[in-house]
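The values are calculated or read from the model by the stated rules, or taken from the named source; none is laboratory data. What you see is a predicted model; the values in this text were computed from it and never measured. Cβ sites come from the backbone with ideal geometry, for glycine too, and all protein chains shown count toward neighbours. Only protein heavy atoms, including side chains, enter the accessible area calculation; ligands, DNA and RNA are left aside. Shrake-Rupley method; radii C 1.70, N 1.55, O 1.52, S 1.80 Å.
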Amino acid sequence: MVWQTNKVELWLDDLPVPSPFGNKYDRGHAVIIGAPELTGATRLAASSCARVGAGLVTVVAQEANTIYRSSLPPEIMVRDNNYTALTTPAVILAGCGGVAPQIFQTLRTRFTDCLWVLDADAIIKTLSQGKRPEKMVITPHQGEFDRSFPKTSGSRVEQAHKVAKFYNSMVILKGPRTVIASPDGRIVVNVHASPYLASAGTGDVLAGVVAGLIAQAMPPFEACCAAVWIHGDAARRFGPGMVAGDIPNLVPSILGDILKLRHETTADTVPT
């Protein structure tokens, strides 16, 4: 099975850059379903989603909405059950810290056309509840993958490929060598990472980066590859002592370096 190593060149030209004439709506609206109990995971996802450039980020919560309002950065909106107040989202992220069943089901019914990013328990809940979103990205680690797809065999690359094709879904199979698989057969393996990512909450940050890039209309496969690379680069830059909450604050400088590279590459190819 043919796969590529994740490199900046694979997705550099697709990385979103705001238009000088644009506004926040042009940069996309990401909606995140707030966890009822493990609120820190949702907060990590929301912060990373905003840092990577989504124009609007909304956390939808009921039981813990007062916690979110008092603890999230002021640029992130919090809604409870006023779904009519949501502008049409480009992406919905669920599963970071747990699933709020009522909100999850309501939004699945209300927003069928947008892309869904599913982490942890949201993966198996989606697969077991009948009709699935037409467009989705799943972000399991190996344990979550094995629970969700117990009959899938083969190497990690083969497993991700089979699930991506069968469910018509992007798959990010997290691990020391994260596998990104597309339903069309493209497979990328990420080696640009760090063992310091083996820490609570880093997967929630990754899911938020994925959602934030997709909100800005980056093609989903390229967004997955870019998010995994940026996530790994943050850990490599920080090194020992890193915790998940350190990653979002490193994203701006990483994006700056990547966009500088794109500018330099473009300058080299433009005739003078």
As a test, work out the antiparallel percent of DSSP beta bridges whose residues both lie in the chain, rounded to the nearest 5. 25
Within the range 224-244, list the residues whose amide N lies under 19 Å from a label point set 7 Å along Cα→Cβ of L12. 224-234
Tabulate in residue order the Karplus-calculated ³J(HN,Hα) for the range 206-215, using 6.51 cos²θ - 1.76 cosθ + 1.60 with θ = phi - 60°, rounded to whole Hz; enter x for Gly and Pro. 4, 4, x, 5, 4, 4, x, 6, 5, 4
For the chain, please report how many Lys pairs fall under 20 Å Cα to Cα, leaving out neighbours fewer than 8 apart on the same chain. 17
In sequence order, what are the phi-derived ³J(HN,Hα) couplings for the range 68-84 according to the Karplus relation 6.51 cos²θ - 1.76 cosθ + 1.60 with θ = phi - 60°, rounded to whole Hz, with x for glycine and proline? 5, 5, 8, 10, 7, x, x, 6, 9, 7, 10, 10, 9, 10, 8, 5, 5
Rounded to whole angstrom, the alpha-carbon centroid of the range 87-127 lies from that of the range 179-223 at a distance of 17
Full-extension gain in nm, Q129 to N249, via 0.36 nm per residue minus C-alpha separation: 39.6 nm
When the chain is fully extended, how far beyond the present Cα-Cα distance does R69 get from K151, taking 0.36 nm per residue of separation? 25.4 nm
Could you give me the ³J(HN,Hα) list for the range 257-266, computed from phi with Karplus coefficients 6.51, -1.76, 1.60 and θ = phi - 60°, whole Hz, x at Gly and Pro? 5, 5, 5, 5, 4, 5, 4, 5, 5, 5
By its C-alpha gyration tensor, with a ≥ b ≥ c as the square roots of the eigenvalues, how is the range 89-134 shaped: rounded for a/c under 1.5, else prolate for a/b larger than b/c, else oblate? rounded
Within-9-Å neighbourhood charge of H192 [Cβ basis; K, R +1; D, E -1]: +1
What shape does the range 1-115 take by its C-alpha gyration tensor, where a ≥ b ≥ c are the square roots of the eigenvalues and a/c under 1.5 counts as rounded, a/b above b/c as prolate, and the rest as oblate? prolate
For T87, what charge total do you get from the other residues with a beta carbon under 14 Å from its beta carbon, if Lys and Arg give +1 and Asp and Glu give -1? +2
Report, in debye and to the nearest 20, how large the dipole of the chain comes out about its Cα centre when Lys and Arg carry +1 and Asp and Glu carry -1 on their Cβ. 460
Burial-style ranking of 237-248, 254-265, 216-227, average other-beta-carbon count within 10 Å with highest first, yields 216-227, 237-248, 254-265
Within the range 39-67, list the residues whose amide N lies under 18 Å from a label point set 7 Å along Cα→Cβ of Y25. 54-58
By per-residue mean of other Cβ atoms within 10 Å, what is the highest-first order of 150-158, 101-109? 101-109, 150-158
Total charge of the residues flanking V171 in space, meaning their Cβ is under 15 Å from its Cβ, with Lys and Arg +1 and Asp and Glu -1, is +3
Over the chain, give the accessible area per residue in Å² for a 1.4 Å probe, as an integer. 46
Note to self, the chain gives a 222 nm [θ] from helices alone (DSSP H runs n ≥ 4, -39500 (n - 2.57) apiece, / all residues, nearest 500) of -13000 deg cm²/dmol
Work out, step by step, the length gained on full extension between Q142 and F238: first 0.36 nm times the residue separation, then minus their alpha carbon distance; give nm to one decimal. 32.1 nm
